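First the structure, in the form of structure tokens, and then the observations on it.
The values are calculated or read from the model by the stated rules, or taken from the named source; none is laboratory data. As the structure is a computational prediction, the values presented were derived from the model and not from experiment. We place every Cβ from the backbone using ideal geometry, glycine too, and count neighbours over all the protein chains shown. The protein model used for the area step is the full one, side chains on, heavy atoms only, and it has no ligands, DNA or RNA in it. Shrake-Rupley method; radii C 1.70, N 1.55, O 1.52, S 1.80 Å.
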Amino acid sequence: KAHEDQARHDYAQFHLAANDTELSVMRSGITFKETPEELETLAQNGNRYAMYQLSLLKRQESDTEAELHWLKLAADQNYHPAMLDYSRVCLSQNSELTLQYLEGAARNGNSEAPWLLACYYGVQEDIDYFRQVYWFRVALEWNDPGALENRNSYNNLLRIIACLLAES
């Protein structure tokens, strides 16, 4: 039960962090090396980094439609920062899309994604312990601070899985 409570807490923190990140980006005023026109040209020519940067620029300008357009295009090009951000956008709308982009971000090397996946799988109505442990282990291997801080939860998950396997 304690691991479920911790996972729910971490999931809530993930959701809050996504909102805080948006606010800090808007407040801090990200600066870009390229002009908006250069970013647009690069993005239209398929440059996924430019697509992502353009989405951040559109976020600053409060142009949500354009932001999401460029963010999704960058995510669909397997640009892991965009995949992570887009998974957060999908979170409230579609859990399948959230998982698709979050797992894609993890598989493409985003260091935050495995821990977020471990948390995500731990708060579902039908908890998927095996996937939760898999992503928790990856997060530990990648030295994710959240995973390292909750290493005892990982050991508890292993005990739960051992019990589940013994019952079957």
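Once R0 is set to 41 Å, what does the formula 1/(1 + (r/R0)^6) return for the Cβ-Cβ distance between Thr35 and Arg137, expressed as a FRET efficiency to the nearest 0.05?
Numbers: r = 44 Å, r/R0 = 1.07.
It comes out at approximately 0.40.
Estimate the FRET efficiency between Gln44 and Leu99 by the formula 1/(1 + (r/R0)^6), using the beta-carbon distance for r and 30 Å for R0, to the nearest 0.05.
Details: r = 29 Å, r/R0 = 0.98.
FRET efficiency, Gln44 to Leu99: 0.55.
Direction-averaged shadow area of the convex hull around the Cα atoms of the stretch 47-158, nm²? Let's see the in-between values first.
Details: hull surface 28.9 nm².
Reported value for the Cα convex hull: 7.2 nm².
Just flag the GluC sites (Glu not before Pro) in the stretch 79-165 sitting in loop per DSSP whose Cβ has no more than 14 other Cβ atoms within 10 Å. List each step's numbers first, then the result.
Details: sites: Glu96, Glu103, Glu112, Glu125, Glu141, Glu149; in loops: Glu112, Glu125.
Listed in order of number, the matching sites are Glu125.
Could you check the simple spin-label distance between Asp76 and Ile160, using points 7 Å along Cα→Cβ, in nm with one decimal?
3.6
Roll a 1.4 angstrom probe over the protein heavy atoms and tell me the percent of accessible area of the stretch 42-168 that is carbon or sulfur. Write down the numbers at each step before the final one.
Numbers: 2930 of 6540 Å².
Carbon with sulfur: 45 percent of the solvent-accessible area.
Assign one of three labels to the stretch 99-163, namely rounded, prolate or oblate, based on the Cα gyration tensor with a ≥ b ≥ c the square roots of its eigenvalues; rounded applies when a/c is under 1.5, prolate when it is not and a/b is larger than b/c, and oblate otherwise.
Details: a/c = 2.16, a/b = 1.28, b/c = 1.68.
Judged from the Cα gyration tensor, the stretch 99-163 comes out oblate (a/c at least 1.5, b/c at or above a/b).
What shape does the stretch 70-131 have by the C-alpha gyration tensor, where a ≥ b ≥ c are the square roots of the eigenvalues, rounded means a/c under 1.5, and otherwise prolate means a/b greater than b/c and oblate the rest?
Verdict is oblate for the stretch 70-131.
Within the stretch 136-159, which residues have the backbone N less than 16 Å from the label spot 7 Å out from Ser111 along Cα→beta-carbon, could you tell me?
138-149
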